[in-house]
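Notes to accompany the following structure.
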């Protein structure tokens with residue numbers, strides 16, 4: 001072997017060692033940043049958290065952005081987010097086509113040249129709309145995503161990522177929470193909301209609900225200690241512990257989950273479909289839930305038709321929560337009026353219609369006084385007739 005060849009081999013070996021060391025340092029930095037981000041999330045320091053997230057993205061990008069074949073990537077089977085609004089996907093596809101991909105998706109390797117999505121499913125779906133063959137991606141180190149053979153770990157990791165970015169609507173979040181709690185604590189899914197309802201009701205009666213809410217922002221050890229005290233005082237039952245413990249670990253206020261998230265599970269199917277496929281807001285859906293057969297005094301089929309009509313108005317006109325509430329109130333009010341009208345005789349309906357037609361603002365004062373006199377006389381006759389009856 002010549003000296004030059006030997007020197008080159010030594011240099012290559014040093015270079016290889018250096019690359020591995022750089023990768024190890026990069027992975028260590030990623031793990032450190034991730035732990036710091038989770039700590040900041042618990043502390044509520046949003047500004048510092050966002051700064052660290054940017055730093056993490058920068059650290060990942062140093063590992064290289066790859067152009068991966070779209071067909072080599074599949075959705076994370078543990079993805080808690082089920083709602084992908086078709087309109088938003090089309091708009092994103094148009095943006096990708098015009099301006100290119102601004103941010104790579106994150107994936108982790110499932111097997112040789114096959115990947116699971118970790119972050120960026122909307123971009124991945126949009127790219128397929130415009131027949132892209134490849135997409136920019138960063139492969140996240142397996143140490144960062146924990147074990148790919150552990151579906152519970154993948155599911156929790158995906159739920160945390162989505163929840164902390166506020167990407168999950170109340171319905172997706174509710175279903176993801178129910179599934180995760182049921183698997184983690186071996187509780188029947190139907191029993192989970194009932195146990196939470198019972199615990200919150202008891203805490204409220206005993207004026208201890210604030211003590212539970214305070215635990216949300218504390219670290220795991222402090223949460224466990226606070227929860228243990230509430231159980232010892234029998235303010236929370238042992239069977240309810242798992243549900244509350246899990247919600248606290250996600251930095252979710254159990255009382256808020258009961259009031260704002262779990263009610264989504266009881267929505268009519270058409271409202272759930274509207275959330276998932278048409279982008280209906282969770283708060284609007286809760287209001288539209290009032291358009292039930294019982295409240296409307298109609299059959300299930302009739303109520304469904306009326307609810308779908310109002311839902312379309314809310315979506316197409318992008319009604320606010322307040323406007324949706326006003327619209328639902330109007331529908332219910334009109335229904336009550338029509339029920340009252342249907343019980344009236346022909347003469348009464350005609351008389352009421354005549355009175356409603358009066359355009360009082362266009363009458364002269366003398367005319368108004370004459371009308372008032374006549375109406376008072378008629379009112380006396382009505383009262384006298386009612387007394388006789």
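Values quoted throughout were computed directly from the atomic coordinates according to the rules given, and no laboratory measurement underlies them. Owing to the predicted nature of the structure, the values given are computational and were not obtained by experimental measurement. Glycine gets a Cβ as well: all are built from the backbone with ideal geometry, and neighbour counts include every protein chain shown.
Here are the numbers:
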quantity	calculated
Per-peptide average of other Cβ atoms within 10 Å, ordering 87-100, 285-298, 243-256 highest first	243-256, 285-298, 87-100
Length-normalised contact order for the stretch 169-264 - Cα pairs under 8 Å, 6+ apart - percent	40
Set of the stretch 189-222 residues, backbone N closer than 20 Å to the point 7 Å along the Cα-Cβ line of residue 229	199-222
R0 of 22 Å, Cβ-Cβ distance residue 86-residue 269: FRET efficiency to nearest 0.05	0.75
